[in-house]
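These notes concern the structure reproduced below.
The values are calculated or read from the model by the stated rules, or taken from the named source; none is laboratory data. Predicted model, so just to flag it, every value in this text is computed and none were measured. Because the Cβ atoms are built from the backbone with ideal geometry, glycine has one as well, and the counts that use them run over all protein chains shown.
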Amino acid sequence: MVILVFALLFGLLCLGMPVAFTIMASSFVYFLWAPDVPTGVFIQRLVAGLDSFPLLAIPFFVLTGTAMARGGIAARIFGLADALVGHMKGGLAQINVVNSLFIGGMCGSANADAAIDAKTIVPIMARHGYSRGFSAAITAASGVIAPIIPPGIGLVIFGLIANVSIGKLFIGGIVPGILISAVLMVVVTYISRKRNYGGLRSRRMPLRKILRHARESVWALMMPVLLIVGLRIGVFTPTELGAVAALYAMIVGIFIYKEIKLSEVVSVLVEATLSSGVIMLILGAASGLSFVITWERFPQMIFEYLITLSDNRYLILLILNFAMLVMGTMMEGTSLLIILTPILMPLLLKIGVDPVQFGLVMVINLTIGGVTPPVGTILYTVCSITGAHVGEFTREIIPFVGALVFVLLLITYVPWLVLFLPNLIMGP
């Protein structure tokens with residue numbers, strides 16, 4: 001029966017049905033036909049899936065990202081990134097990466113980060129002679145940083161579904177986020193040397209000017225500090241942190257940077273509500289699917305099958321990574337995260353993989369799918385804004401995907417890179 005559910009799920013997705021309704025429809029078929037499960041349980045699961053206080057963190061962080069994007073953060077962060085790396089080979093592309101590292105620590109969404117950079121940096125890159133495909137590709141690739149550093153929305157979703165500490169996931173994403181930035185910058189340098197993409201200036205900006213840009217951006221840069229310190233000293237839970245972060249972002253945008261007029265507050269709230277509504281509807285629908293998966297003992301079946309292939313956890317992790325990379329090219333990452341987490345977590349716990357480590361592995365893995373055809377949401381977001389052709393984008397993204405997969409494998413097989421900071425700051 002569960003095979004029929006998944007066949008229907010993927011079939012409806014291929015036909016283009018919205019994800020939330022696809023999950024609900026495929027789950028409902030199970031409840032109609034399963035002899036031992038009352039049909040009314042379907043509605044109960046939809047409601048129970050959203051009846052969660054921690055789930056409030058998602059709309060709050062979405063509002064935070066919307067307020068940051070509209071509140072004048074982009075220009076100031078761009079100035080600071082320019083001051084730090086604008087002199088390097090491929091200066092504007094390097095700025096794109098560093099900008100994503102900063103902006104990602106405020107919006108938590110790969111699509112939001114990529115959209116901001118596509119609107120603000122790519123036009124400047126085009127004027128300086130960068131190809132549109134290369135500009136779009138580095139914009140999409142650097143967007144992968146956003147969901148894995150505080151306050152990554154993907155980590156919140158994983159933590160809620162897998163019952164894993166969101167605070168540890170947030171802190172665990174810091175080192176992988178920096179690693180991705182560094183590796184992407186190395187690839188940018190290599191390509192820029194071959195194509196003669198120069199820096200914005202011949203030498204490093206004087207320290208005095210760097211500090212001036214840092215002062216102008218200090219209110220924006222305080223957001224990640226607020227997240228980590230607040231969680232560490234126990235001032236608020238991740239849910240309460242979302243509310244504080246949203247309030248902070250609105251205050252900065254309205255009263256300090258003065259980029260959001262009071263008359264625009266309602267439109268900011270509406271934009272955040274619409275974005276949150278889509279995520280919450282998918283989560284509610286996924287609750288019904290999670291019940292089906294658990295009731296049919298699907299995780300145990302997967303575990304028993306993989307054990308027949310190998311009892312080596314390193315090989316199992318390699319197989320899972322490959323499978324998720326392939327699935328990520330065909331389905332939207334958030335949907336896969338919601339569907340796969342309850343299936344894979346029992347398996348990973350049985351083979352001794354730390355749930356915080358695997359949460360980062362899973363979020364990075366599925367976000368990489370967002371920059372690859374045929375269903376990459378980040379790909380289409382960037383291409384639609386920049387006007388880059390999908391074929392040109394696909395050719396240019398290949399070395400960056402290679403860099404992202406390198407980091408993915410690194411944190412898969414060197415768990416210390418993920419777990420060192422959470423264990424140091426919050427304890428084992």
Check: So, of the residues in region 104-146 that are modelled with pLDDT under 85 and among the β-branched types (Val, Ile, Thr), which turns out to be surrounded by the most Cβ atoms within 10 Å (Cβ to Cβ)?
Finding: ILE116
Margin query: Just checking, does region 160-169 include any residue being farther than 30 Å from LEU349 by Cα and surrounded by fewer than 19 Cβ atoms within 10 Å (Cβ to Cβ)?
Written below: no
Next item on the list: Select from region 387-425 the residues that are assigned to a helix (DSSP H, G or I) and in contact with a Lys or Arg (Cβ under 6 Å, 6 or more places away or on another chain) and write down the one among them that is farthest from PHE358 (Cα to Cα).
Entry: ILE425
Check: Looking at LEU247, LEU211, which one is closer than 30 Å to LEU337 by Cα, modelled with pLDDT of 85 or more and assigned to a helix (DSSP H, G or I)?
Finding: LEU247
Next item on the list: Determine, yes or no, whether ALA220 is small (Gly, Ala, Ser), closer than 21 Å to GLY104 by Cα and in contact with a Phe, Trp or Tyr (Cβ under 8 Å, 6 or more places away or on another chain).
Entry: yes
Next item on the list: For GLY159, state whether it is closer than 30 Å to GLY91 by Cα and of a type in the set (Gly, Ala, Ser).
Entry: no
Item checked: Search result, residues across region 391-428 that are free of Cβ contacts under 8 Å to residues at least 40 places away in the same chain and crowded, with 16+ Cβ neighbours inside 10 Å -> THR394, ASN423
Item checked: Any chance LEU379 is without any contact (Cβ under 8 Å) to a residue 24 or more places away in the chain, touching a helix residue (DSSP H, G or I) at 6+ places or on another chain (Cβ under 8 Å) and assigned to a helix (DSSP H, G or I) -> no
Check: How about region 15-39: which of its residues are among the small types (Gly, Ala, Ser), surrounded by fewer than 19 Cβ atoms within 10 Å (Cβ to Cβ), in contact (Cβ under 8 Å) with a residue 12 or more places away in the chain and under 17 Å from SER335 (Cβ atoms)?
Finding: ALA25
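Is at least one residue of region 333-349 more than 24 Å from GLY288 (Cα to Cα) and touching a residue at least 40 places away in the same chain (Cβ under 8 Å)?
So far as region 333-349 goes, no, none of its residues is more than 24 Å from GLY288 (Cα to Cα) and touching a residue at least 40 places away in the same chain (Cβ under 8 Å).
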Check: Restricting region 257-288 to residues that are without any contact (Cβ under 8 Å) to a residue 24 or more places away in the chain and farther than 27 Å from ILE339 by Cβ, which is nearest to the chain's Cα centre (by Cα)?
Finding: VAL270
Check: In region 182-193, what residues are buried (at least 21 other Cβ atoms within 10 Å of the Cβ) and among the hydroxyl-bearing types (Ser, Thr, Tyr)?
Finding: SER192
